[in-house]
Each structure stands twice: as structure tokens, then as C-alpha cells.
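Notes for the one structure printed next.
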Amino acid sequence: MDDTATTSAILDILSSICLSSGHSNVKKHVSPSSLRSHLPHVLPQSTPKSVNKRKLSNSSDPLILNKSPKVNRSGGTDPFNKNTLDERINSFNILNWSFEDDKLNPLECAVNGWQCHKRKNELHCHYCNAVLLIRLNEQNDKNKIVTNFLFVEDEEAEEQFFKVREQLISSYLRRLRTDHYPGCMWRNSNLDIELVRKQYHLKISDMNEILEQYQGNLENLIDHQDIIMLKSYTIDIVNKSQIEILQAYNSTNLILSMVALFGWELKQQKFGSKNLALLKCHKCTRRILLGESENLDHTEPLKSVSYPAEISNEDSDINLLAEHEHWCCMVTEFNNLKGYEVVLRILQSVSLSDGYESMEVEQDHSYTFDSTMALLREFS
């Protein structure tokens, strides 16, 4: 059997699997992504992003699908609302999302109306209550994968496996649109997903909002700079002119300005009995563990985790640019500007405006004084 026939046979087997309800004689068609416990699943032993991953307590529960196609119109009716888009993206974290794929990522899921449930790799639409379960090998590295349905014994078999995996990913990408219930706004053929994606990016027109977020974040970083400086950071990711813009806006420690510029916010989270300080990007799912700390004032606590985290003792500098997800708007271009470059443009504009206002005030004051003295001389 050739490669194409083998691939087709495997996909036919996976797509033909059906589950029958214990309370009904009606069979429900379920794709490979909807199987929670019927296919064997091998978890890797790697520990991404400095936190041990474990099997969640409810990850082996029987398959439960919301059978109701009822549309929840109270769940928000504006697909272009950027705040709810950010909320959907932030629902993905290292505890409930285990895939690192260039195409099937939290942003792609979120712009199609899905957010991640606390159960691992389970997507929910809060508008129509649809559920989509993603079942893939968690590693896409050829040297690390242990497949569920194919023994990798030679290069030909290995390539065949990855071909099947790519086809499954393509199938999931299509289902991000089609698995919503009929009547759901996310399934509407007239909805332009690229216009939804546009809301995710930083834009000069959002100047006030971006400036408020930057300023509030910077102030909190200054208040807790001892925690931030527990680590060392790469400086050469910003050039001389960019440094001048940052320091013209605020003459505080350059590192703190850089942390704020690249969108990292200080958070705290309990891992077991330890309270850890970390940096979290407010536009993607990445986190940087800083170290153990006391409770931090005015710093948002993230959901606690019952098991301890692994904290790297590496002395290498943190690259605040490279630490982002590859799809993060802080480091990807939109209208020829990366997200952090938009922030720089806004900071530069504000600094120049303040300078002009100061000049105008001085000129007005000088003119008033001279005019007054001239009048006094005339009266005398």
C-alpha cells in the first residue's frame, strides 16, 4: 500500500469512530478530536515554560459533550470586541493547553470564537455552547514523538506519521469554523475572520488605551523593581534611538522601561506552598518565572497550582523580545509596525507634545510679563 492509501486508510478509521450514549440508542458521530478516553494517549515528560505539567484530575473523565444547540445570545454579540478576544486568548495556559504548533495556536482558536476550558485541550464556544476536543501528540519534534497509532521504525514510516498529523491539524483548523452550532455568529459565512484578527493588534488609533496600560504597568514595575532585578536581561534588543525615546518619556531604570515596552506585566502565583513572582505577557500566553517572593502589593494573583514549579537556575540573560510566542502581536508586524514599535511611536509622540506645551506656556508667560511692563512704563 502506498503512502497516500495508508494516510487515507488511517484517516477513514479515525473519522468513522462513533460513540453511543448509555441512555440512548442513537449513535453520535465523533471525530478523533472528540475522543477523551477511547484512544490511548502518551504524555511527554518535558516541562515547558518552567512548570511541570501533570495529568489533570478530570482529564480521564467520561466523554461529556453539550448536546444542546441552543445559542446563548447573552454571551456577547460583537465578534469584533477586542476585550473579549483578549479574554479568550488568556483562557489558554500551560495547564489546559499542551500544543505548540505554528498554525493551531491560541490566537487562531480565539479569533474563531473558542476559549479553552479548564479541562485539558477542550475548546468551548460561550455563544452557542459547542465543544471541540483537540487530540494530537503534544510534541511536533520528530525525535520526541511516541505515536498513538504508528510505530516509528524507519524514515518512511516516520514521514508518513507526520503527514497524517499535518492533515489532522488542517482538519482542526477547518473545524474551528464549522463545529459551531447552526445559528452561531462564529459560523456565519459573512463573518470575516481577518477583521476579527485585526482587533488583536496594537494600533496608533488606540493611543489612549495603550498609553494607560503602559503607564500603569510601568508604575507597578517601579514599585517592585527589586523583584524584577532578580534576573538579568539582554539590553541590545533596543537601539540607541529607542532607548532615548524610553528615557525621554520616563527616566527610570531602563530595564523597567523595557519590560513595560515589550508588554510584560508582573504577576504572582502560588505553586504548592510557594508564592512565585513572574512576568506575563498581556497579549500572549508566555510567562517568565522570576523567583520566590512574599505577597506582592497591587499585583494580580493568578490561579494557584497545587504542585511546585521548577525554577531554572540558569544565569543566561532574559531576552524580553524572544520570549514571546511567535504569533504574539508585540513581536509580529501589522501595518508595517510590530506591537512594541507602536508603543514607542506613542511614547515619542507624547514626549514631543509635552515639550511643545512647555514651550507654549513659557512663551505666553514671557509675552504677558513684557506687555505688563510696557503698560507700566506708559502709565509712569
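Quick rundown of the values:
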{"quantity": "Counted residues, the range 242-260 - those being in a helix (DSSP H, G or I) and either of a type in the set (D, E, K, R) or modelled with pLDDT under 95 (or both)", "calculated": "1"}
{"quantity": "Some residue of the range 267-286 being more than 20 Å from the chain's Cα centre (by Cα) and hydroxyl-bearing (Ser, Thr, Tyr)", "calculated": "yes"}
{"quantity": "Every residue from the range 193-207 that is of a type outside the set (Lys, Arg) and either touching a residue at least 60 places away in the same chain (Cβ under 8 Å) or in contact with a Pro (Cβ under 6 Å, 6 or more places away or on another chain) (or both)", "calculated": "Ile193, Leu195, Val196, Gln199, Tyr200, His201, Leu202, Ile204, Met207"}
{"quantity": "Restricting the range 128-178 to residues that are acidic (Asp, Glu) and either surrounded by 16 or more Cβ atoms within 10 Å (Cβ to Cβ) or not in a loop (DSSP other than H, G, I, E, B) (or both), the residue that is modelled with the lowest pLDDT", "calculated": "Glu138"}
{"quantity": "Yes/no for His224 being over 13 Å from Gly263 (Cα atoms), surrounded by 17 or more Cβ atoms within 10 Å (Cβ to Cβ) and at pLDDT below 95", "calculated": "yes"}
{"quantity": "Test result for Asn190, in a loop (DSSP other than H, G, I, E, B), touching a Pro at 6+ places or on another chain (Cβ under 9 Å) and either closer than 27 Å to Glu122 by Cα or modelled with pLDDT of 95 or more (or both)", "calculated": "no"}
{"quantity": "Leading residue by the ranking (modelled with the highest pLDDT) among those in the range 292-320 that are touching a helix residue (DSSP H, G or I) at 6+ places or on another chain (Cβ under 8 Å) and surrounded by 14 or more Cβ atoms within 10 Å (Cβ to Cβ)", "calculated": "Leu320"}
{"quantity": "Any hit, the range 200-211, residues being touching a strand residue (DSSP E or B) at 6+ places or on another chain (Cβ under 6 Å), under 19 Å from Asp78 (Cα atoms), buried (at least 18 other Cβ atoms within 10 Å of the Cβ) and not acidic (Asp, Glu)", "calculated": "yes"}
{"quantity": "Where a residue in the range 302-331 is farther than 22 Å from Lys274 by Cβ and its partner, wherever it lies, is of a type in the set (Gly, Ala, Ser) and modelled with pLDDT of 60 or more, with Cβ under 8 Å and at least six apart", "calculated": "Asp317/Ser232; His324/Gly263; Cys328/Gly263; Cys328/Gly339; Cys329/Gly339; Met330/Gly263; Met330/Gly339; Val331/Gly339"}
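The values are calculated or read from the model by the stated rules, or taken from the named source; none is laboratory data. Everything numeric here is computed off the predicted structure, so don't read it as measured data. Every residue, glycine among them, receives a Cβ derived from its backbone with ideal geometry; neighbour counts consider all protein chains shown.
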